[in-house]
Every structure is written in C-alpha cells, then in structure tokens.
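A short write-up of the structure that comes next.
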Amino acid sequence: MAHVQIRDLVVEYSSGGYAVRPFDGYDLDLESGEMVLLLGASGSGKSTLLSILGSLLTPTSGTVTVGGTEVTALAGRDLMRYRQRGLGFIFQGFNLIASLTARENVILPMVTAGVSRRDAAARADELLAMVGLAERARHRPGAMSGGQQQRVAIARALALEPPLIIADEPTASLDYIQVDAVIRHLRDLAAPGRTVVIATHDERLVPLADRLVELTPRAAPSEHASERRELGAGEVLFRQGDRGELVYEVETGAVEVVRALVGGGEEILQVVAPGGYFGELAPVFGLARAGTARGGPAGAVVTGYSVREFRDRHGGALGRHGS
Ligand code: ADP
Ligand code: MG
C-alpha cells in the first residue's frame, strides 16, 4: 500500500448556489521518501487537496490513508493527535507567532503534543542548527528575513518527525536570493517514512521533485454556462495548442477550423455551418486544441457549452468530427 493513498475523493463546495467540485472521483498514491509537487493553474484544487491531506477539510466522500491510518475515519482525540503528530505544515505566509522567538516557535508544537520542555528545547536547537539558524534562534520573526522565517517554519514542521509534510506555495513570498536555502531544506525533508507534498507555481522546485502531480481545473457550471460569442470575419475564438473547456455550436454565419502546417500555410479542417458544432475533442479528452477556430468570411455567432451541458443538449452524441 502506498504511504499516502487517496481513493475516490469528492470535494464539493457551494458557490453562489452552484456546486463546484474540484475533485470528483479522484485517486492518488504517493510513496514514502518522495517530494511531490502539486502543479496546476489557480483554481485547480491545490489548496483544497492540501487541506484534505492535512485533515483541515473533510471531503464530501472518499478516503485518505497515511502510513496505514485512515485519516478520514478519525474523530475527536484521534483526529487531534493526528493533526499534532501526523503532519507538518509550511505555508506561504510563514505563520510564525510574532511574539515568540524562533526557538520558542519550534518548541511550541512539541510541548503542546506532550514533549517535555527540556527535550523540546534540545530538539529545537538541533533543528534550527540544521536549517542554518543557530545564531538566530533568539530572534523574533519580525527581526528575520522572509527566507529565514520560512526556514524556521521548516524546522517547526519537522519537530515531531511527522510522516507527512504539506507546504502551500512555500517560496511565494521569497526573493531570489532567499529561495535557494529554503528549496534545499525542503528537499531534505523527504526521507524514508515521510512524504513531502508541495503546492507551487515555482518552476525552480521542479528539478528537485521526485514526482509531479498536475491538477486540471474543473469548470464550475456557472463559470461556463452558455458563453455566447460574436466573431468578426477571421476573428480567432481559440488557437491551436490552447487548453479548452468548451464545445461550440454555430448559430449564424460560419466558423473555420484550420491547422497550421509545418513550414507555413494552413489546412482547413472544418467549415462549420449553423446548427453544427466543433471543438469537442479538447474538453472531452483534456487535449490541447488541434486547430485554430475563427470566424468565416461573414463572421459568426457561436455559443460555448461545457461538455456536460453539451451532452444534455445532444443526448450524448459527441466525437463525430472535430478539433
Ligand atoms: P488552487 O489552490 O489550485 O488555486 P483551490 O483549491 O483554492 O485551488 O480551489 C479549487 C476550486 O474550488 C476553485 O474553483 C475555487 O473557486 C473553489 N473553492 C475553493 N475553496 C472554496 C470555498 N471555500 N467555497 C467555495 N468554493 C471554493
Ligand atoms: Mg491555492
């Protein structure tokens, strides 16, 4: 069994009366010792997935198992204990307590979890030395740089040797010089018996990762319901290579779908007349657009539908032709 196992995850939020499901039947396996990056556009569900792993959010349905413990089945004292001992958190905004020194910030979660003050202090000194902050142990966060604060947060996350460390955009507020040391220490966190999951946009982390998990945004029905567009002659609706969420129907005029040829020129894939549709392959299969769609010589009016809406309108018929 994988160290971290997610099965059939469904997360449903309610947003302005619509259900938004960033995860709908999602499975994921992560191994011990791995540093895993969660990548994906804003809104693709990175923070949601971290919150689920961190037991900060209860999924609508599905299970999360870490090191053989089914986290989604825990409640009360067991859940509290899991949050204290099972997890280390590192956030974008550092989340250190401003009135405490670096050392006290690292000591606090250990004492809260029942470690003696003396042992906690010894461990804090060891951890702060490890992240290169032995000299700064008695400074408060306000007297430290962003990079130093993030290293304190890393030391704190490690204090109780948790089997899972989750980090949400940990390098986002760091400048270029500070980020190096932080990345190095994040890399060192992934050790046998532990998985490190980092949500990030920072491509500097990519070469260090053992595993990349890409999340794709799932459009809310409200966001994409029946988007109507008027296209002038030659006006581009989408380009070859774009990601696409919508299937289009032509109301009036005509739409040309063309593919650029290697070495110049283009090939017309489709001319779509009123009542016809195009652009279904990209949203159905998660592919890039195979061609560029633009208004025909007299322009066009088109309506874009989500795949679900489109299927509802056409009784499931999809994929007969297209881009
Ligand atoms: P990311 O971290 O990748 O930007 P999020 O996990 O924050 O993505 O969001 C995933 C989707 O869930 C988005 O469509 C977002 O609008 C929606 N969402 C997140 N949190 C909430 C919430 N508390 N209420 C309603 N919708 C939410
Ligand atoms: Mg986020």
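Since every read-out is calculated from the coordinates, none of them should be taken as a lab result. Just so we're clear, the structure is a prediction, and the values are computed from it rather than from any experiment. As a convention, Cβ positions derive from the backbone with ideal geometry for all residues, glycine included, and neighbour counts pool all protein chains shown.
Just a few scattered comments:
- Among residues that are assigned to a loop (DSSP other than H, G, I, E, B), more than 16 Å from ligand 1 (Cβ to nearest atom) and free of Cβ contacts under 8 Å to residues at least 60 places away in the same chain, Asn95 is included.
- Looking across segment 152-173, the residues that are closer than 10 Å to Gly86 by Cβ and surrounded by fewer than 21 Cβ atoms within 10 Å (Cβ to Cβ) come down to Leu160, Pro163.
- Count - residues of segment 24-68 that are within 21 Å of Leu79 (Cβ to Cβ) and near ligand 1 (Cβ under 9 Å from one of its atoms): 6
- None of Leu186, Leu133, Leu127 is within 21 Å of the chain's Cα centre (by Cα), buried (at least 19 other Cβ atoms within 10 Å of the Cβ) and farther than 15 Å from Arg85 by Cβ except Leu186.
Residues are listed down the side, and each one gets a yes or a no for (1) more than 30 Å from Ile107 (Cα to Cα); (2) in contact with a helix residue (DSSP H, G or I) (Cβ under 6 Å, 6 or more places away or on another chain); (3) of a type outside the set (Val, Ile, Thr):
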residue: Ala137; (1), (2), (3): no, yes, yes
residue: Ala157; (1), (2), (3): no, no, yes
residue: Gly234; (1), (2), (3): yes, no, yes
residue: Arg239; (1), (2), (3): yes, no, yes
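- Val179 surrounded by fewer than 19 Cβ atoms within 10 Å (Cβ to Cβ) and β-branched (Val, Ile, Thr): no
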